[in-house]
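Have a look at the structure below before the remarks.
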Amino acid sequence: MPALEYAITRPYPWRWTTVAVGFAAGVVLVGLSIFNFAAVGYNRQSSYRDVFESNADVEWKNKLNTGYTQSRSVDCDPTSLVLGGIYRTNNAIFALNTESLRDPTTSAPLGSANYSGDALDSCRVNRIYMMAEFATHDVKWHAQVACKAPQLFVNFTVESIVTLRAGVTNGIVNTDTLGTIDNEQNRPEAIATSVLYALGLDVLAGLFFRAPPIQSTTTTTNSFASSLWAEWDPLAADGSLPIVLSGIAAPDGTYHLGPGSGALSDLLPPSRRALQNYAIALRDAILVDVGSTVYTGPGRADNNILTNITALQTRIQTSDLLSTYMSATNGSANGLKFTIPVAPFLLSHTTDFRLPIAARKLGDDANAARLVQRYLCHSMVLKPPATLVVDVIVATISMFMVAWGIAQIGLMYFAKEHTTNGNYCACPTCDSYAHGLVPRAHKDDATPGEKDFQPAEYA
């Protein structure tokens, strides 16, 4: 960069020029410091969280508020749900086995799907299945559950949380939800477990009192059933949860299928009633787990037996259980001791069972049922003080020096173009090499006595 070829000898046009320039430079430094604090004052930090958060980008002006920036800059990555994966909701009652995943818009099947903490309000129980083995005195229950959210359409297979098997201690094994640590007896999983346990004892005592007879195709005499199964339709319009298919099998391989409960016609009345009561309780416990017991107003009453005592009193029937066609069975769950039939005891001791479970009201998004996941989240965290000061100073000085250099070049160009006292001549006849202040004189204008001078030429 060429230097000025003359000394500045004239005074400043204003006596406060130095002070003004210094003050302006200070203002610029402060402004650059504030800008750089927002630009380089934060680190990006990643961590795993249990709650999905997705906030909009923090504006530049808000970065000066460190508390706001650190709390509102969280952005989480969605997790991936896969076929065959087992998940739980925050109510922690059932294990949800992923049976199928579909696109919520096109219903196209998917191998995996992103999940970002959507509430599972729009869930329904499509089918309930029961299989009983008389040889092992084992009853297995499972259900098909469909949940649809704006970004999720999934079908789950749900196994019963209790093990209905004769010979097992207390008839049912589920110690995880029956403890007393941190008052777990009042949690939804413990309450639902104790209700299913109580009604499951009635199933064991009634179903295995006597195996129903079945006509054999290989012998002329009747034999007794080795297994039976049934399917319930929870989506029936009248809400009665009817049996839509039933079957019974003999040890020699003979089996009979029938619509409705026809194949179970030879079951004793206590057995049929115990199975129906348990199917109702299983369906309602699943809906509590997936959060679909929202009371929506006068148009739709809450008929869940775990959240509404009136529904419990009307839907759980006990008349057929008050007979002697049941095996003597005792048990205990959640601090209560039972003797069959247990359903009448349940209806008369709802407080001891810690019923009802508080149903989530419409708009109560904080208590919505969601799949429990760990999300990788990113947030902005203020740098340590020493690092913060050094980074801001370095960035500010660097920017200031660059700006100062650019300003110098601009001012020098301005001075050389527009000054009237500087070493520059605007006359087109100036010596372009020497930049003389006075134009060269022509020969005709020579003064008297001036010698003509001709520059020497060199060979």
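Beta carbons closer than 8 Å, at least 6 apart along the sequence or on distinct chains, pair a first residue in the range 339-359 that is farther than 20 Å from Asp289 by Cα and without any contact (Cβ under 8 Å) to a residue 24 or more places away in the chain with a second that is assigned to a helix (DSSP H, G or I) and among the aromatic types (Phe, Trp, Tyr) for Thr339/Phe345. The set of residues in the range 374-388 being in a helix (DSSP H, G or I) and surrounded by 12 or more Cβ atoms within 10 Å (Cβ to Cβ) consists of Thr387, Leu388. For the range 133-142, check the following and say yes or no: at least one residue is assigned to a strand (DSSP E or B), aliphatic (A, V, I, L, M) and surrounded by fewer than 18 Cβ atoms within 10 Å (Cβ to Cβ). No - not one qualifying residue is present in the range 133-142.
What is the number of the single condition among (1) touching a strand residue (DSSP E or B) at 6+ places or on another chain (Cβ under 6 Å); (2) of a type outside the set (A, V, I, L, M); (3) under 17 Å from Leu287 (Cβ atoms); (4) in a strand (DSSP E or B) that Lys148 does not meet? Here Lys148 clears every test but (1).
Report yes if Asp50 is more than 30 Å from Ala192 (Cα to Cα), of a type in the set (D, E, K, R) and either over 19 Å from the mean Cα position of the chain (by Cα) or modelled with pLDDT of 85 or more (or both), otherwise no. So Asp50 fails the test.
Condition check ((1) in contact (Cβ under 8 Å) with a residue 24 or more places away in the chain; (2) within 30 Å of Val390 (Cβ to Cβ); (3) more than 18 Å from the chain's Cα centre (by Cα)) across all residues:
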{"site": "Tyr68", "(1), (2), (3)": "no, yes, yes"}
{"site": "Cys76", "(1), (2), (3)": "yes, no, no"}
{"site": "Phe94", "(1), (2), (3)": "yes, no, yes"}
{"site": "Thr98", "(1), (2), (3)": "yes, no, no"}
{"site": "Thr105", "(1), (2), (3)": "no, no, yes"}
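When you scan the range 254-266, do you find a residue that is within 30 Å of Asp118 (Cβ to Cβ) and of a type outside the set (A, V, I, L, M), even just one? No: the range 254-266 contains no residue that is within 30 Å of Asp118 (Cβ to Cβ) and of a type outside the set (A, V, I, L, M). Test of understanding: among Gly410, Gly331, which residue is surrounded by 13 or more Cβ atoms within 10 Å (Cβ to Cβ) and either assigned to a strand (DSSP E or B) or at pLDDT below 90 (or both)? Only one candidate qualifies: Gly331.
Can you pull out the residues in the range 231-251 that are closer than 18 Å to Asp284 by Cβ and part of a strand (DSSP E or B)?
Across the range 231-251, the qualifying residues are Glu231, Trp232, Ile243.
Considering the conditions (1) out of contact with any Pro (no Cβ under 8 Å at 6 or more places or on another chain); (2) within 17 Å of Val203 (Cβ to Cβ); (3) free of Cβ contacts under 8 Å to residues at least 40 places away in the same chain; (4) of a type outside the set (S, T, N, Q), Leu322 is excluded by exactly one of them, (1).
Looking only at the range 111-123, decide whether some residue is of a type in the set (Asp, Glu), in contact (Cβ under 8 Å) with a residue 60 or more places away in the chain and surrounded by 15 or more Cβ atoms within 10 Å (Cβ to Cβ). Within the range 111-123 (the criterion being of a type in the set (Asp, Glu), in contact (Cβ under 8 Å) with a residue 60 or more places away in the chain and surrounded by 15 or more Cβ atoms within 10 Å (Cβ to Cβ)), the answer is yes, since at least one residue qualifies. In the range 92-118, of all residues being outside any strand (DSSP E or B) and under 13 Å from Val145 (Cβ atoms), the one that is modelled with the lowest pLDDT corresponds to Ile93.
Among the conditions (1) at pLDDT 90 or above; (2) surrounded by fewer than 16 Cβ atoms within 10 Å (Cβ to Cβ), Trp404 misses just one, which is (1).
The values are calculated or read from the model by the stated rules, or taken from the named source; none is laboratory data. Because the structure is a prediction, the values reported are computed rather than measured. In this analysis, Cβ positions are derived from the backbone assuming ideal geometry, glycine residues included, and neighbour counts consider all displayed protein chains.
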